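K.L.:
Input: one structure, supplied below.
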């Protein structure tokens, strides 16, 4: 299994910077969040269960945030793709991260987890 640092180190720019910024945002969002690697992806754990993953689109290689409880989230910016349970939020690493949007999504994901 690759280490969490190795995942970030091998990413090309500007994706690497985007991933690192998202990592910081997620870890700082709630003191109960910890990180690990699952399925080769950075996984953020809340209350001992996977909460969020960071990954990249197969074609564009652009980062996205994958919400484990996405099915229960209502934000229209989330996409489910071919997933039954999870939803994701796609980012463009050449653009500024929409901080307010990401924080809203993290807040909704936290609320969903608390009520699940």
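K.L.:
Here is a check on your reading of the model: is residue 64 touching a strand residue (DSSP E or B) at 6+ places or on another chain (Cβ under 9 Å) and at pLDDT 95 or above?
P.N.:
Yes.
K.L.:
Oh, and also: Which condition from (1) farther than 22 Å from residue 3 by Cβ; (2) touching a helix residue (DSSP H, G or I) at 6+ places or on another chain (Cβ under 8 Å); (3) surrounded by 12 or more Cβ atoms within 10 Å (Cβ to Cβ) is the one that residue 116 breaks?
P.N.:
So the condition that residue 116 fails would be (3).
K.L.:
Mind checking which residues of the stretch 93-116 are in a loop (DSSP other than H, G, I, E, B) and either farther than 20 Å from residue 55 by Cβ or in contact (Cβ under 8 Å) with a residue 12 or more places away in the chain (or both)?
P.N.:
Result: 93, 94, 96, 97, 116.
K.L.:
Another question, then. Can you spot a residue in the stretch 67-90 that is without any contact (Cβ under 8 Å) to a residue 24 or more places away in the chain, surrounded by 12 or more Cβ atoms within 10 Å (Cβ to Cβ), in a strand (DSSP E or B) and in contact with a strand residue (DSSP E or B) (Cβ under 7 Å, 6 or more places away or on another chain)?
P.N.:
Looking for residues that are without any contact (Cβ under 8 Å) to a residue 24 or more places away in the chain, surrounded by 12 or more Cβ atoms within 10 Å (Cβ to Cβ), in a strand (DSSP E or B) and in contact with a strand residue (DSSP E or B) (Cβ under 7 Å, 6 or more places away or on another chain), one finds at least one in the stretch 67-90, hence yes.
K.L.:
For the stretch 38-73, enumerate the residues that are more than 27 Å from residue 96 (Cβ to Cβ) and touching a helix residue (DSSP H, G or I) at 6+ places or on another chain (Cβ under 6 Å).
P.N.:
72 - this is the single residue of the stretch 38-73 that is more than 27 Å from residue 96 (Cβ to Cβ) and touching a helix residue (DSSP H, G or I) at 6+ places or on another chain (Cβ under 6 Å).
K.L.:
Which residues, taken from the stretch 23-66, are surrounded by 12 or more Cβ atoms within 10 Å (Cβ to Cβ), without any contact (Cβ under 8 Å) to a residue 40 or more places away in the chain and in a helix (DSSP H, G or I)?
P.N.:
Those that are surrounded by 12 or more Cβ atoms within 10 Å (Cβ to Cβ), without any contact (Cβ under 8 Å) to a residue 40 or more places away in the chain and in a helix (DSSP H, G or I): 23, 27.
K.L.:
Quick check on my filter: what residues within the stretch 91-107 are surrounded by 15 or more Cβ atoms within 10 Å (Cβ to Cβ) and within 13 Å of the chain's Cα centre (by Cα)?
P.N.:
91, 97, 102, 105, 106
K.L.:
While we're on this one: Identify, please: which residue in the stretch 74-101 is over 17 Å from residue 57 (Cβ atoms) and touching a helix residue (DSSP H, G or I) at 6+ places or on another chain (Cβ under 7 Å) and is, among those, modelled with the highest pLDDT?
P.N.:
That would be 75.
The values are calculated or read from the model by the stated rules, or taken from the named source; none is laboratory data. A quick note: this is a predicted structure, and the numbers were derived from the prediction, not measured. Here Cβ is always computed from backbone atoms with ideal geometry, including for glycine, and neighbour counts include all displayed protein chains.
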